Amino acid sequence: QVQLVESGGGLVQVGDSLKLSCATSGRTLSRYNMGWFRQAPGKEREFVAWISWSGAGTTYTDSVKGRFTISKDDAKNTVYLQMNNLQPEDTAVYYCAFYNSGHSRYVSSYDYWGQGTQVTVSS
C-alpha cells in the first residue's frame, strides 16, 4: 500500500522559514521522481517543485525559485521542501506526490498523494 504523509506545516510570520517533510512507504523512493504542489483556498492545486529519482534534477515554479529547495533522503524514504523567506502568497495546503507520467507540472501526472499540511504566512 502506497502512502505519503506530509508534516512540518504551521503558522509563521513573513520572512520566516519552514521545512516540510513527506514520509513515503509502499514504494522504493530512489526509483521515483517526486513533486510538491500547493492549493490555496478557492484556487486550483498548483505545481511547486519536482525532484528526479536520483536527486540530481530539480525544477521549481517561478514564484518560489531562490526561496524553496526540494530534496530527498532515500534511506529515510522522505522528501523535503525547505521554504525560506515565506510570503503571504505562500499560504496554502502543501501536498507531495509520486510522479507517474506526463508533464511534471501537471496534477494529472502524479498517481499517489498525501493528505497535505497547512502552511499559513501571516503579515
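Some values worked out for this structure:
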item	result
Relative packing of 9-20, 49-60, which averages over residues the other C-beta atoms within 10 Å, highest first	49-60, 9-20
Heavy-atom accessible surface of the chain: percent carbon and sulfur, 1.4 Å	45 percent
Length-normalised contact order of the range 37-94 in % [C-alpha pairs under 8 Å, at least 6 apart]	32 percent
Nearest-0.05 FRET efficiency for Asn100 and Asp74, computed from C-beta distance (R0 30 Å)	0.95
Net lengthening on full extension, Ser25/Asn85 (0.36 nm per residue, minus Cα-Cα)	18.5 nm
Equivalent ellipsoid semi-axes - Cα gyration tensor, the range 31-123, angstrom	21, 15, 12
Neighbourhood charge, 12 Å Cβ-Cβ cut-off, centred on Trp50 and excluding it, Lys, Arg +1 and Asp, Glu -1	+2
Spacing of the two label points (7 Å from each Cα toward its C-beta) at Gln115 and Gln3, in nm	1.0 nm
Estimated FRET transfer efficiency when R0 is 25 angstrom, pair Ser122-Glu44 (beta carbons, to 0.05)	0.60
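The values are calculated or read from the model by the stated rules, or taken from the named source; none is laboratory data. Since the structure is predicted, the reported quantities are computational estimates derived from the model, not experimental observations. Virtual Cβ from ideal backbone geometry, glycine too; neighbours counted across all protein chains shown. For the accessible areas, the whole protein counts, side chains as well, though only heavy atoms, and no ligand, DNA or RNA atoms are used. Shrake-Rupley method; radii C 1.70, N 1.55, O 1.52, S 1.80 Å.
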